[in-house]
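The values are calculated or read from the model by the stated rules, or taken from the named source; none is laboratory data. Because the structure is predicted, anything quoted here is derived from the model rather than measured. Every residue, glycine among them, receives a Cβ derived from its backbone with ideal geometry; neighbour counts consider all protein chains shown. For the accessible areas, the whole protein counts, side chains as well, though only heavy atoms, and no ligand, DNA or RNA atoms are used. Shrake-Rupley method; radii C 1.70, N 1.55, O 1.52, S 1.80 Å.
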Amino acid sequence: DVKVTQSSRYLVKRTGEKVFLECVQDMDHENMFWYRQDPGLGLRLIYFSYDVKMKEKGDIPEGYSVSREKKERFSLILESASTNQTSMYLCASQGGVEKLFFGSGTQLSVL
Amino acid sequence: TQLLEQSPQFLSIQEGENLTVYCNSSSVFSSLQWYRQEPGEGPVLLVTVVTGGEVKKLKRLTFQFGDARKDSSLHITAAQPGDTGLYLCAGAGRRSNDYKLSFGAGTTVTVRA
């Protein structure tokens, strides 16, 4: 089975801190994605990557950046965390035709 | 605005009852997927429908893709408490190289024992 691992299940940070969310997949997938999930809004795409060192903005990239130095690892960076970035963050890798495999998520609280 | 509209937003039923969840859009999709998400976990793919008018069955779950590939429905027969979860539909773009998915806001289903 494909395994997508997110480094933290829960994270509490202060406003202005730099935050790193890490995601690792073990199936050699080329495409990886970061979503945030908020009640009533569903999943919104922040950034995605279709190859090492390649990245594209999703629907809500403001306040975020990403890094993909190795194929298996896709990191989401909050340069200066703000309270409106409190959310559930989901990483996914893509195998086959469009099928997404998700990690368990990181619930980030910014105080 | 949500590209995919799901209804209802919440659904609470008794064990043994049937339920239907809808996913509608004004856009055409090359395929549509349904995911189920349980608390504290990421979404897990249930099914992918590709052809307009397609019907797929997964035990007590029946998925239908609209003829125009703009809408879909999920029907659960004789629901069980294990069916409780957040059901999400997701559409893939019309172009063959568009692998990004657009998600609906989800339907929270609660099945009471």
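Numbers below:
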item: Candidate set from the stretch B:52-77 (those that are open to solvent by 70 Å² or more (accessible area, probe 1.4 Å) and assigned to a strand (DSSP E or B)); member that is nearest to B:E5 (Cα to Cα); result: B:Q64
item: Of all residues making up the stretch A:45-76, the number that are at the interface with chain B (Cβ under 9 Å from one of its Cβ atoms) and closer than 14 Å to A:L100 by Cβ; result: 4
item: Strands (runs of 3 or more DSSP E) contained in the stretch A:29-111 and holding at least 1 residues touching a residue at least 24 places away in the same chain (Cβ under 8 Å) and within 17 Å of B:C89 (Cα to Cα); result: A:31-38, A:42-51, A:87-94, A:100-102
item: Count of the stretch A:6-28 residues which are away from chain B (no Cβ under 11 Å) and either open to solvent by 20 Å² or more (accessible area, probe 1.4 Å) or aromatic (F, W, Y) (or both); result: 16
item: Residue match in the stretch B:25-45 (condition: open to solvent by 80 Å² or more (accessible area, probe 1.4 Å) and among the aromatic types (F, W, Y)); result: no
item: Residue in the stretch B:13-27 that is within 13 Å of chain A (Cβ to nearest Cβ), in contact with a Lys or Arg (Cβ under 6 Å, 6 or more places away or on another chain), in a strand (DSSP E or B) and not acidic (D, E) present; result: no
